Amino acid sequence: MMSGRPPPYPPPQGGRGRPQAPEVATRRWADGAWNEVQDRLAAEEPLQVLLDSSPLSVLMRTPGHDVELALGLLWAERVITEPGQVVRVRISAEANEADGELVQGDLVEANQVDVHLGSLAGRRPQRTFLSSSACGVCGATTIDDLAHDFPTLPPGLEVDPTTLVDLADRLRARQSIFESTGGLHAAGLFTTAGEHVTVREDVGRHNAVDKVVGRALLDGRLPCSEGVLVVSGRGGYEIVQKAVAAGIPVVAAVGAPSSLAVATARRFNLTLVGFLRGSRFNVYSAPERLTAPP
């Protein structure tokens, strides 16, 4: 894992006022009668990502941790390949632009994030791309595409299966917005001992993963070669793609994996776990990392 202080990204200010779980008036049918009630909804709003002030992508996401989201997306797309390539981040929150230095615990709700890169940055996208809250595949859409950009994950990491089975509950315990809305996905980075490093929520499961990876980038943790990624939904291709990009060797999903996710995990020697529920799970690739201690 990388060490050292995180690079001096500029910090966003303001934009902390929009609720991530807004209340709306609704009518509820229960026990044969109508009732007027207040219901909390998972917030979903567009975020425009710019690269050196040029439009790159529009993301549908849950506001909050927007800088992490933008940086995680650019890392997965290989636009950023080293933390030091980011020289400045400019945000527009509530139509008020501000420059500054990012703080470690930053929580920013912005309309726009403009990432400025140095001359040593990775590949420059030849086109813009659109990401919805339902699908996170943007640039690399085949296993062959990934093979050009990322190495096979090395062996060596071991995770006790008895530790792994507790992680779904530990992730759920930290889903603060889900508890009030029931409408958000979560992604969490954990150590092999089961300790949480970062947990993020979003209407898009891939956005939650990008936020986790973006936080790791800011903290100088990439590649996350000793991490376990747990996601609250299914283990789709886009989740595996982003884990491979971040160097995360173990991914555990509460739901089912897809056929392409399994093929990609096997190609890159990533341990992919599905149906992580209660005291059981299925492992679809690289099972050798899941070994009980002697």
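Over segment 180-294, with every protein chain in place, what whole percent of the accessible area is carbon and sulfur at 1.4 Å, could you tell me? Mind showing how you got there, number by number?
Working: 1790 of 3520 Å².
Carbon and sulfur together cover 51 percent of it.
Quick one: which residues, 5 or more positions from L56 or on another chain, have an amide H under 5 Å from its amide H? H modelled 1.01 Å from N in the peptide plane, none for Pro or chain starts.
V49, L50, L51
Across 10 Å bins from 0, what is the distribution of all Cα-Cα pair distances for segment 190-277, in whole percents?
Bins of 10 Å from zero give 19, 57, 24, 0 percent of pairs.
The values are calculated or read from the model by the stated rules, or taken from the named source; none is laboratory data. All values reported here derive from a predicted model rather than from experimental measurement. SASA here: full protein model, heavy atoms, side chains in, ligands and nucleic acids out. Shrake-Rupley method; radii C 1.70, N 1.55, O 1.52, S 1.80 Å.
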